[in-house]
Every structure is written in C-alpha cells, then in structure tokens.
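Q: Below is a structure I'd like to ask you about.
The values are calculated or read from the model by the stated rules, or taken from the named source; none is laboratory data. Quantities reported herein were computed from a predicted structural model and do not represent experimental measurements. Using ideal geometry, Cβ is built from the backbone for each residue, glycine included, and neighbour counts are taken over all protein chains shown. In case anyone asks, the SASA skips ligands and DNA or RNA and just uses the protein heavy atoms, side chains included. Shrake-Rupley method; radii C 1.70, N 1.55, O 1.52, S 1.80 Å.
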Amino acid sequence: SGILGMAACAIDSSLDAVGVDIDIDAVRIANANAVINKSKMKTYLPPLLEIENSECKSVLMKAYQKGGEQVLPAEFDAPIYDALVANILAAPLVSLAPRIAELIKPGGFLGLSGILVPQAASLMETYSEFFDDIKIESKDSGWALVTGIRNNIPASTDAR
C-alpha cells in the first residue's frame, strides 16, 4: 500500500493517498516513508469486522495488540475515492471485489496487480459486475495489470 500511494502522490502532488494494510510493520514503514518522502499519504489498519479470513484476522488481531497505529477512520471508509490500486494476489482480490467497489466513486479508476495471467479472466469476471471496461492493461513476466472504471451498480458487503 505504501509504495503505490507514494507513487501516485509523486505523479500528482495535489493528491492525498490513503493506504490500508493488515501488517502493522507495513503500516509503520509506509507511514515513515511517507514522512521521509513528504508524500501526502497515511496508511491505516482495516477495521477488524471486515476481515473474514482467519489467518488475516489473526495477523490483524496481533497488530491491534501491539497498538500504536490507527484504524481506518469512518470518513475514509466510504465511496469517496477517484482511484483505487491494489497489489495483492488474485484470491484475496476476488473476495474483496464488493468491498473494493464500495470505496470507489462511479467513474473512478481501478488498477489491480499481483495477478498471474492465467487467473486474470476469472478475476475480471468477478469485477465486471462493478466495473466497466475491465481489461488486462498490460502483462509482464507472467503477471497482469487489470484495470476498469467503476459503474453505477451499488456494491454492498455484509462485513460492516
């Protein structure tokens, strides 16, 4: 989350970026790097209620116990984003599709990487409910970048 947000801020200095990660060390490093690089970015832990995967929930509970990092504020947990990028594996991206769609304004940009080319078709099928013009934007060394534009179909999750 840190490098993607800082890259966006470097491309357009008017941007503010928000990152979310279940790994407290990744949150701390991303926030420290944002300060060092003078990026307008803040990274948070997600609300615990949103995590269904038991392994991820365990990692997040340990992060909460360590303390010191903020949970994503409610005002940032809404369809307020013009763009969302994620670099995680296809399986978590598929399970997060409704949640990701909830956060992006209609007409907003989606960029997903960390997807093996053979997994892209299945992922695109899942995301096509919420995104128009869903496609493989580029391929490199067996990995795909999938992009799309948020449509007007409401997305909702039972996690909140």
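Q: Is one or more of the residues making up region 37-46 on the phi < 0 side of the Ramachandran plot and in contact (Cβ under 8 Å) with a residue 60 or more places away in the chain?
A: no
Q: Return only the number of the condition from (1) in contact with a Lys or Arg (Cβ under 9 Å, 6 or more places away or on another chain); (2) exposed (fewer than 12 other Cβ atoms within 10 Å of the Cβ) that Gln65 does not satisfy.
A: (1)
Q: Sticking with this one: So which residues in region 73-88 are open to solvent by 40 Å² or more (accessible area, probe 1.4 Å), within 19 Å of Asp133 (Cβ to Cβ), part of a strand (DSSP E or B) and out of contact with any Phe, Trp or Tyr (no Cβ under 6 Å at 6 or more places or on another chain)?
A: Tyr81, Asp82, Val85
Q: Need pairs with beta-carbon distance below 8 Å; first residue at positive phi and within region 61-74, second surrounded by 11 or more Cβ atoms within 10 Å (Cβ to Cβ) and at pLDDT 80 or above; sequence gap 6+ or separate chains.
A: These pairs meet every condition: Gly68/Ile24; Gly68/Arg28.
Q: Assuming Ala91 fulfils every condition listed in (1) at pLDDT 90 or above; (2) open to solvent by less than 80 Å² (accessible area, probe 1.4 Å); (3) closer than 30 Å to Asp133 by Cα apart from one, which condition is it?
A: Exception for Ala91: condition (1).
Q: Say we look at region 1-41 and pick out the residues that are charged (D, E, K, R) and under 13 Å from Ala83 (Cβ atoms); which of these is surrounded by the fewest Cβ atoms within 10 Å (Cβ to Cβ)?
A: So the residue we want is Asp12.
Q: Additional query: Applying the selection to region 113-156, what residues are under 20 Å from Ile80 (Cα atoms), assigned to a strand (DSSP E or B) and not small (Gly, Ala, Ser)?
A: Scanning region 113-156 gives Phe131, Asp132, Thr147, Ile149, Arg150.
Q: So, in region 52-72, exactly how many residues are assigned to a loop (DSSP other than H, G, I, E, B) and under 20 Å from the mean Cα position of the chain (by Cα)?
A: Residues in region 52-72 being assigned to a loop (DSSP other than H, G, I, E, B) and under 20 Å from the mean Cα position of the chain (by Cα): 5 in total.
Q: Arg99 is checked against (1) in a strand (DSSP E or B); (2) touching a residue at least 60 places away in the same chain (Cβ under 8 Å); (3) not hydroxyl-bearing (Ser, Thr, Tyr) and fails just one. What number does that condition carry?
A: (1)
Q: Where the second residue is exposed (fewer than 14 other Cβ atoms within 10 Å of the Cβ) and acidic (Asp, Glu) and the first is in contact (Cβ under 8 Å) with a residue 40 or more places away in the chain and lies in region 82-96, which pairs have Cβ atoms under 9 Å and are six or more apart or on separate chains?
A: Going by the 9 Å Cβ cut-off, the qualifying pairs are Ser95/Glu52.
Q: Could I ask something else about it? If I filter region 100-110 for residues that are under 14 Å from Asp21 (Cα atoms) and surrounded by 15 or more Cβ atoms within 10 Å (Cβ to Cβ), do I get at least one hit?
A: Within region 100-110, one or more residues are under 14 Å from Asp21 (Cα atoms) and surrounded by 15 or more Cβ atoms within 10 Å (Cβ to Cβ).
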